[in-house]
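> My questions will all concern the structure given below.
The values are calculated or read from the model by the stated rules, or taken from the named source; none is laboratory data. No experiment lies behind these values; they were computed from the predicted model shown. Positions of Cβ are backbone-derived with ideal geometry, glycine not excepted, and every protein chain shown enters the neighbour counts.
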Amino acid sequence: MSDCRHDQLVLIRPPETRLRCVRCHLTITPAELEQGYCPECYETTGRQVDEFERLQNPTDARVRYRCERCGITIECGANAGQCGV
């Protein structure tokens, strides 16, 4: 067992929302969607497909932290006191 007190915690951000092309199913982030249309469809067919479905992040109430001293990941549940390594 580590003698680290885990007093330097950094929040691990959840993954951002992603978009999926309804035609080719390419999954990308909104930031990666530079032109407003699917780059994969445009490259393969020359068509500018701009129909995407928004993929929801899991509605997980867990929060994750990483200790800067020892590198361990600590996961906490929605209710106080539900933390584990």
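> In this structure, is R69 modelled with pLDDT under 85, under 19 Å from R13 (Cα atoms) and of a type in the set (D, E, K, R)?
In short, no.
Yes/no per residue for (1) farther than 22 Å from R62 by Cβ; (2) at pLDDT 95 or above:
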position	(1), (2)
H6	no, no
L9	no, no
I12	no, no
E32	yes, no
G36	yes, no
T44	yes, yes
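> Taking the condition of being in contact with a Leu (Cβ under 9 Å, 6 or more places away or on another chain), without any contact (Cβ under 8 Å) to a residue 24 or more places away in the chain and not in a loop (DSSP other than H, G, I, E, B), how many residues in the range 13-68 meet it?
6
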